[in-house]
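Let me begin by presenting the structure, written as structure tokens, before commenting on it.
Each reported figure results from applying straightforward, stated rules to the coordinates on display, with no laboratory input. The model shown is predicted, which means the values in this text are computed figures rather than measured ones. Cβ placement follows ideal geometry from the backbone for every residue including glycine, while neighbour counts extend to all protein chains displayed.
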Amino acid sequence: MKERIGYLYILMAGIFWSTLGFLVSKINNYNFSSEEVAFFRMIGGFIAISIYGKLTMPTMFKITKKGILYVLAIGIFCQFIFNIAYMNAISMVGASMGAVLLYVSPLFVAIFSKIVYKEKMNKIKILSLAFCVIGAFLAVTGGQLEIEGLNLLGVFAGIMAAITYAMLPIFNKNALKEMDNITMSSYAFLVATVIMCFRINPVEIFSKIDNLRVFGYIAAIGIIPTAMSYIVYSKGILKGVELSIAGVVASIELVLSVIIGWTLLGEDFSVIKIYGVLFMIVSTFIAVKAMKPATNIDDEDMVEIIATEHEK
């Protein structure tokens, strides 16, 4: 029952994340730039997560000196640069294509894991990545090699978002030893918000909020696809859902993002592009098969487990 509730939390996170493209598109209609939309998301996420954390965790803002370094790295690369790149991608190529490009991130996770942690690549991992790349190609191009119709800058922004998004689990592997995930998320959003203040004029952009509807969209982008998604995702992981399985369940985000872009935002979508999305979803399921059996623990892992238990 506990694990089933965990799956439900992860599913909810994917649903919440899928609303991001829709909200970005709606806020853009009120003449806000991609950077301004990213600022709204970051400051809204920081406020909402901090309030939740303070109400549920007495040690919410406790952090180690090493944790500060991780927070700075995550805040700069995985929040600041990621949000600007992703908001630009959505603005240039649409919510559905932005989500598709973001889901190329497993490719970069595999590359970074190989470089940083010397993780081995097996046949199943390679097959999963191949499906991911083929699916992304079909979903973005519709199976045609005509570059003229593509917004190359938007595609580049989407790939940059995927790269910076892929850096999060790389940093997380050690960062979560220093602090709780909610604490990390809150501080990371704060770092990104502060950096953004050097690029925009917060007073000026808040003065542009002149009606309740745009205020509702701005509040929603900080709460639904940001704070609420991070919170329920963390709860799902704490219920015992494995990270690789969580990735499969959360892939509902891609499906819903495409449906929202297609139906509510009127974005163009063909049968070939649908096949591309399906390829990418299948690649996520294949990735689960790449997991090592729990019994295959090498000497270094055993030492780390014993050390962790000793610290507890």
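Summary value for the chain: 41 percent relative contact order, contacts being C-alpha pairs under 8 angstrom separated by 6+ residues.
Which of 183, 284, 263 ends up with the largest GNM mean-square fluctuation for the chain, with Cα atoms connected below 10 Å? Looking only at 183, 284, 263, the largest GNM fluctuation is found for 263. In terms of the Cα gyration tensor, with a ≥ b ≥ c the square roots of its eigenvalues, is segment 151-201 rounded because a/c is under 1.5, prolate because a/b exceeds b/c, or oblate? Cα axes put segment 151-201 in the oblate bin. R0 = 25 Å: FRET efficiency of residue 176 with residue 123, Cβ-based, nearest 0.05? The pair residue 176/residue 123 has a calculated efficiency of 0.25.
Please compare each pair in 65/235; 125/273; 26/235; 65/208; 123/273 to a cut-off of 31 Å on the Cα-Cα distance and tell me which ones are over it. Distance filter (> 31 Å) returns 65/208. When the chain is treated as a Gaussian network with alpha carbon springs shorter than 10 Å, the biggest mean-square fluctuation among 88, 151, 28 belongs to 151. Please identify the chymotrypsin sites (Phe, Trp or Tyr not before Pro) of segment 189-254 that satisfy two criteria: DSSP loop assignment and at most 16 other Cβ atoms within 10 Å. Which are they? Here the chymotrypsin sites (Phe, Trp or Tyr not before Pro) that fit, given the DSSP loop and packing criteria, are 198.
Length gained on full extension, residue 57 to residue 208: 50.8 nm, using 0.36 nm per residue less the C-alpha separation.
Summing Cβ point charges (Lys, Arg +1; Asp, Glu -1) relative to the Cα centre of the chain gives a dipole of roughly 460 debye.
When the chain is treated as a Gaussian network with alpha carbon springs shorter than 10 Å, the biggest mean-square fluctuation among 190, 69, 265 belongs to 69.
Long hydrophobic helices in the chain, taken as whole DSSP H segments with a C-alpha length of 30 Å or more on their own axis and mean Kyte-Doolittle hydropathy at least -1.0: 34-56, 152-175.
Farthest toward the positive end of the dipole of the chain, out of 12, 34, 159, is the Cα of 12, where the dipole comes from beta carbon charges about the Cα centre.
Once you mark the GluC sites (Glu not before Pro) that are in a DSSP loop and have at most 11 other Cβ atoms within 10 Å, what is the longest gap between them in the chain? In short, 149-312.
Under the classification rounded if a/c is under 1.5, otherwise prolate if a/b is larger than b/c and oblate if not, where does segment 98-165 fall, given a ≥ b ≥ c as square roots of the Cα gyration tensor eigenvalues? Because a/c hits 1.5 or more and a/b fails to exceed b/c, segment 98-165 counts as oblate.
The residue among 227, 143, 55 whose Cα reaches farthest toward the positive pole of the charge dipole of the chain, with charges on the beta-carbon of Lys, Arg, Asp and Glu, is 55. First check a/c for segment 1-92, with a ≥ b ≥ c the square roots of the eigenvalues of its C-alpha gyration tensor; if it is under 1.5, answer rounded, and if not, answer prolate when a/b is larger than b/c or oblate otherwise. Taking the square roots of the gyration eigenvalues as a ≥ b ≥ c, segment 1-92 is oblate.
The slack in the chain from residue 134 to residue 8, taken as 0.36 nm per residue of separation less the alpha-carbon distance, amounts to 42.4 nm.
Our helix-only sum for the chain, with -39,500 (n - 2.57) per DSSP H run of n ≥ 4 divided by its residues, gives a mean residue ellipticity at 222 nm of -23500 deg cm²/dmol. Modelled spin-label separation between residue 270 and residue 66, with each label point placed 7 Å from Cα along the Cα-to-Cβ direction: 5.2 nm.
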